[in-house]
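J.: The structure under discussion is supplied below as structure tokens; questions concerning it will follow.
The values are calculated or read from the model by the stated rules, or taken from the named source; none is laboratory data. Here the structure is a predicted model, which means the values were calculated and not measured. For neighbour counting, all protein chains shown are included, and Cβ atoms are generated from backbone atoms with ideal geometry for every residue, glycine included.
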């Protein structure tokens, strides 16, 4: 399989996928605003639902702005997969070498698939040195993900293609080991 794909794979953002995410964000923000500001004319909206509406406006509004900002500023690839390792600029600006990755697996949470890289303790200490990065890794672990979760959301490839590319490069770099984590 490794001979069928190029040596270096560069994956960027998909304009169409980002537009879809931004459109969905606008719809969800408007629905949340409708609940928060009682645009539907219902006199039976409880204070709890109004609070949920306000939280939805903030959450979906920020997510929509992030998708639009990414759409406007994305100029090049963000995920690099090579024979030496993988680098996802959305997570860390460093190459994670294949010999420091203990396994690769797939994880699905609420119909969204992720590629999970189980990294060594030394690489984890190197990459996740800041408190914010440690908090992100802790959040992954609370969801049952043991490692770095790479999403294909907004990218030009889907999660299955990303997983296959990672497994292929991992197998090329470490021929005696399985690419799937236990």
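J.: Would you please list the contacts, defined by Cβ atoms under 8 Å and residues six or more apart or on different chains, that run from a residue in the range 140-166 that is in the same structural domain as residue 103 (by TED's automatic domain parsing) and farther than 15 Å from residue 118 by Cα to a residue that is modelled with pLDDT under 90 and in a loop (DSSP other than H, G, I, E, B)?
T.: Partner pairs satisfying both residue conditions: 164/1; 165/5.
J.: Moving on. Restricting attention to the range 66-88, and to residues there that are exposed (fewer than 15 other Cβ atoms within 10 Å of the Cβ) and in contact (Cβ under 8 Å) with a residue 12 or more places away in the chain, which single residue is nearest to residue 175 (Cα to Cα)?
T.: Once the filter is applied, the top-ranked residue is 83.
J.: Looking at this structure, is residue 86 closer than 15 Å to residue 166 by Cα and in contact with a helix residue (DSSP H, G or I) (Cβ under 6 Å, 6 or more places away or on another chain)?
T.: For residue 86, the condition - closer than 15 Å to residue 166 by Cα and in contact with a helix residue (DSSP H, G or I) (Cβ under 6 Å, 6 or more places away or on another chain) - is not met.
J.: While we're on this one: Could you name every one of the strands (runs of 3 or more DSSP E) located completely within the range 96-182 that has at least 3 residues being within 27 Å of residue 71 (Cβ to Cβ) and out of contact with any strand residue (DSSP E or B) (no Cβ under 9 Å at 6 or more places or on another chain)?
T.: Here the list is empty.
J.: From (1) touching a helix residue (DSSP H, G or I) at 6+ places or on another chain (Cβ under 9 Å); (2) surrounded by 14 or more Cβ atoms within 10 Å (Cβ to Cβ), pick out the condition that doesn't hold for residue 122.
T.: Looking at each condition in turn, residue 122 falls short on (2).
J.: Considering the range 82-95 alone, what residues qualify as being within 21 Å of residue 142 (Cβ to Cβ) and part of a loop (DSSP other than H, G, I, E, B)?
T.: Those that are within 21 Å of residue 142 (Cβ to Cβ) and part of a loop (DSSP other than H, G, I, E, B): 90, 91, 92.
J.: Kindly check whether there is at least one residue in the range 125-136 that is at pLDDT below 90, crowded, with 20+ Cβ neighbours inside 10 Å and over 27 Å from residue 75 (Cβ atoms).
T.: no
J.: So for the range 33-47 (the condition being under 29 Å from residue 76 (Cα atoms), in contact with a helix residue (DSSP H, G or I) (Cβ under 6 Å, 6 or more places away or on another chain) and not assigned by TED's automatic domain parsing to the domain that holds residue 156), does at least one residue qualify?
T.: Within the range 33-47, none of the residues are under 29 Å from residue 76 (Cα atoms), in contact with a helix residue (DSSP H, G or I) (Cβ under 6 Å, 6 or more places away or on another chain) and not assigned by TED's automatic domain parsing to the domain that holds residue 156.
J.: Here are some residues: 55, 51, 21, 62. Which one is outside any loop (DSSP other than H, G, I, E, B), outside the structural domain of residue 157 (by TED's automatic domain parsing) and surrounded by 14 or more Cβ atoms within 10 Å (Cβ to Cβ)?
T.: Answer to the check: 21.
J.: Now, a different point. Suppose the filter is in contact with a helix residue (DSSP H, G or I) (Cβ under 7 Å, 6 or more places away or on another chain), surrounded by fewer than 18 Cβ atoms within 10 Å (Cβ to Cβ), touching a residue at least 40 places away in the same chain (Cβ under 8 Å) and under 25 Å from residue 18 (Cα atoms); does residue 92 pass it?
T.: yes
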